[in-house]
Structure formats: structure tokens, C-alpha cells
Amino acid sequence: MDTIVITIIALCAIGVASAIILYFVAQKFKVYEDPRIDEVEEVLPAANCGGCGYPGCRSFAEALVKADDISSMNCPVGGAPVMAKVGSILGHEIKASDPTVAVVRCNGTCDNRPKTNTYDGAASCTIAASLYSGDTGCQYGCLGLGECVDACKFDAMYMDKETGLPVVIEDKCVSCGACVEACPNNILELRKKGPKSRRIFVSCVNKDKGGIARKACSTACIGCGKCVKECPFGAITLENNLAYIDYNKCKLCRKCVIVCPTGAIQELNFPPRKEKPVDKPAAATAKPVAKPVAKTAVSSENKENETTDNK
């Protein structure tokens with residue numbers, strides 16, 4: 001009996017001693033964590049989409065707390081309201097940023113870009129892009145296998161069976177950028193939503209010369225430069241046979257859309273253009289002219305009178 005009691009007491013003493021040692025070790029090597037990290041994480045949407053550039057909301061919260069300036073940091077899912085709450089917690093002034101949305105910079109539909117072969121491999125855009133240039137004459141356009149749709153966690157995209165291109169649902173798009181990262185041909189881009197969701201962009205990424213690009217797709221940018229000359233705001237640049245519209249400079253005047261010979265420039269959510277009234281032809285106001293017959297008769301009569309007088 002005494003042996004059992006002694007064993008229990010010894011074990012308890014060892015446990016207490018171990019606990020004391022662990023406590024002092026923990027205090028010695030304790031890593032301080034700012035309590036504001038938990039506060040910031042609570043106001044974040046917990047989507048863990050990676051659109052902010054960090055692996056998850058917890059990592060983004062840590063980065064926000066450690067940053068001296070968070071003006072360039074943004075949560076695309078939460079947007080301005082969430083960042084305003086973060087700013088109030090951290091004592092930073094947050095400037096409202098313009099909302100963005102994903103756009104598809106390819107108009108190579110089945111009608112505009114006919115297929116030249118058939119792909120019979122894994123249903124992955126990344127794999128298809130690494131194996132060959134695509135099943136059409138354009139090696140830059142959409143591969144149509146829907147990897148961007150699979151990457152979207154918010155059901156904001158779907159593949160249009162008629163066109164073979166992805167379609168972005170604006171109301172659901174949170175601008176996380178997952179589809180942009182997933183596309184191997186870089187045809188997806190995050191652009192400003194614009195006033196009343198109106199946007200103008202070049203819906204083409206083909207860098208081939210004009211004739212080759214036009215042969216592959218009827219709506220390809222041929223690098224003619226007409227849009228560059230027409231833009232009064234210097235918002236369009238031409239590089240590698242491809243025009244690009246800077247949404248920070250574009251004033252949505254739509255002049256470039258009119259002059260584009262292939263229709264490569266897309267205008268979204270604009271009202272229909274007003275048709276110019278046809279000018280009516282001016283009414284004829286010709287003055288009445290005396291009949292030449294009358295003039296001839298009068299002239300003959302005068303000649304007879306002159307002849308009589310001479311006689």
C-alpha cells in the first residue's frame with residue numbers, strides 16, 4: 001500500500017515539475033501576436049479566394065496589421081465597405097477604389113474563328129496549351145475547355161455552348177482574379193466596372209501581323225492603328241501588332257469603336273447608338289424661263305415691221 005502511495009506522489013511531483021518547466025520555457029520563447037489580427041480577420045469575408053494576393057484571409061489580416069501603408073492593399077470580395085472597417089481597426093484612412101470585374105478579351109466565336117482541327121485530349125486548358133497551339137488558326141485565343149470556369153468559386157462564369165467562349169456574370173463576379181490566373185493564354189483581365197457598368201476594351205490578344213490575324217479570326221485586331229489616331233485622350237497604345245485600351249485614361253467616348261475595321265473593340269452595356277437623321281433634299285426653286293418659241297416669234301415680227309418701214 002505504501003508503495004502505491006509513494007508512486008502516486010512521485011508521479012504527481014514529476015507532473016508538477018514538468019508543468020512549471022514548460023511554463024517558464026513557453027514564457028521565454030513566447031511569440032507575441034497582435035490581437036488586431038483576430039479583429040481584422042473577423043471583418044474579412046472568409047472567402048480564402050487569394051484575390052488579395054495572399055493564401056487566405058488569415059494571412060491577409062497579418063499582412064494588413066504589419067503594413068505601414070495599406071492603401072495599395074485590397075480585398076476584392078469585400079470591396080470598399082470591408083476595407084473601410086479594416087481601416088477603422090488599424091487607424092488608417094482608406095481611399096475608395098473603383099470596383100473591377102473580369103472581362104473576356106477574345107471574340108473568337110465558332111463563327112468568327114473556324115476550327116482547323118479537333119483536340120482529343122485531357123479537358124484542361126493548361127494541358128492543351130502545352131501540347132499545341134489550339135484547334136483554330138489563332139494560337140492566342142480561348143481554348144474553350146473551361147478551366148477558368150472551374151477555377152471560379154463564386155459561380156460567376158459559364159461556358160457558352162454556341163460561341164464556345166466563357167461568359168462572366170457581372171453580378172456574381174467578386175474580382176478575385178482566380179480565372180485570370182487559371183487561363184494559360186491570358187485572355188481574361190480585371191478591368192474597372194466603369195459608370196453604369198459600361199466598358200470599352202480590345203477583345204483580342206492576337207499578336208500576329210494583320211493579314212495572318214484576320215485570316216485566323218474575322219474579328220481580330222490587325223494593328224492598323226486607326227483607333228490610336230482617333231482617341232483624343234491618348235488611352236490606346238499599339239504594341240506587337242495589338243491595340244490596348246488603358247481603362248484609367250479611357251473616357252468612354254466610343255470613337256475608337258466606330259473606326260475599328262474588324263470590330264475587335266467591344267463596348268458593353270451602352271445604349272444603342274442614335275441614327276443620324278437623313279438630310280432632306282432642298283426644294284427646287286428654279287425661276288420660270290421664257291419659252292424660246294415666244295422669243296423667236298417676237299423677233300420675227302420685229303423684223304417684218306423693220307422691212308415695211310424701210311420700204
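Values quoted throughout were computed directly from the atomic coordinates according to the rules given, and no laboratory measurement underlies them. Every value quoted in this text rests on a predicted model; they were computed, and no experiment measured them. As a convention, Cβ positions derive from the backbone with ideal geometry for all residues, glycine included, and neighbour counts pool all protein chains shown.
Working from label points 7 Å from Cα in the Cα-to-Cβ sense, the I258 to Y23 distance is 8.2 nm. Taking the Kirkwood radius as Rh and the Cα radius of gyration as Rg, the range 114-183 has a ratio of Rg/Rh equal to 0.98.
Quick one: Debye curve from the C-alpha atoms of the chain, no solvent, what's log10 I(q)/I(0) at q = 0.07, 0.10, 0.11 Å⁻¹? After summing over all Cα pairs, the log10 values are -0.50, -0.75, -0.85.
Of the chymotrypsin sites (Phe, Trp or Tyr not before Pro) found in the range 26-105, those that fall in a DSSP loop while having at most 10 other beta-carbon atoms within 10 Å are F29, Y32.
Net charge of the neighbourhood of A123, taken over other residues with C-beta under 12 Å away and scored Lys/Arg +1, Asp/Glu -1, is -3.
A simple rule links phi to the HN-Hα coupling: the Karplus curve 6.51 cos²θ - 1.76 cosθ + 1.60 with θ = phi - 60°, which for the range 214-231 gives 5, 5, 6, 8, 6, 10, 6, 6, 9, x, 6, x, 5, 5, 5, 5, 7, 5 Hz, with x for Gly and Pro. Checking the a/c ratio against 1.5 first, then a/b against b/c, what shape does the Cα gyration tensor give for the range 1-93? Prolate is the answer for the range 1-93, as a/c is 1.5 or above and a/b outweighs b/c.
Summing charges over all other residues whose Cβ lies under 12 Å from the Cβ of D171, with Lys and Arg as +1 and Asp and Glu as -1, gives 0. When each full DSSP H helix of the chain is screened for a Cα extent of at least 30 Å along its own axis and an average Kyte-Doolittle hydropathy of at least -0.5, the helices passing are 2-28.
Of K192/K255; K85/K196; K115/K172; K115/K153, which ones are farther than 23 Å apart at the Cα?
K85/K196; K115/K172; K115/K153
Viscosity 1.567 mPa s, temperature 4 °C: give me the Stokes-Einstein translational D for the range 100-268 in µm²/s, with Rh taken as the Kirkwood radius over C-alpha pairs. The diffusion coefficient I find is 79 µm²/s. Extents of the range 36-90, largest first, come to 23, 20, 20 Å (Cα atoms, principal axes, whole angstrom). Considering only S97, S124, S72, the Gaussian network model of the chain with Cα springs below 10 Å gives its largest mean-square fluctuation to S72.
Classify the range 27-181 as rounded, prolate or oblate, taking a ≥ b ≥ c as the square roots of the eigenvalues of its Cα gyration tensor: rounded when a/c is under 1.5, otherwise prolate if a/b is larger than b/c and oblate if not. It is prolate, given that a/c is not under 1.5 and a/b is the larger ratio. Helical runs (DSSP H, four residues minimum) scored at -39500 (n - 2.57) apiece and divided by the length of the chain put the mean residue ellipticity at 222 nm at -10500 deg cm²/dmol. Of the trypsin sites (Lys or Arg not before Pro) in the range 145-210, the ones in a loop by DSSP (not H, G, I, E or B) with at most 16 other beta carbons within 10 Å are K153, K161, K172, R198, K207, K209.
For GluC sites (Glu not before Pro), the sites in the range 55-155 that DSSP calls loop and that have at most 10 other Cβ atoms within 10 Å are E93.
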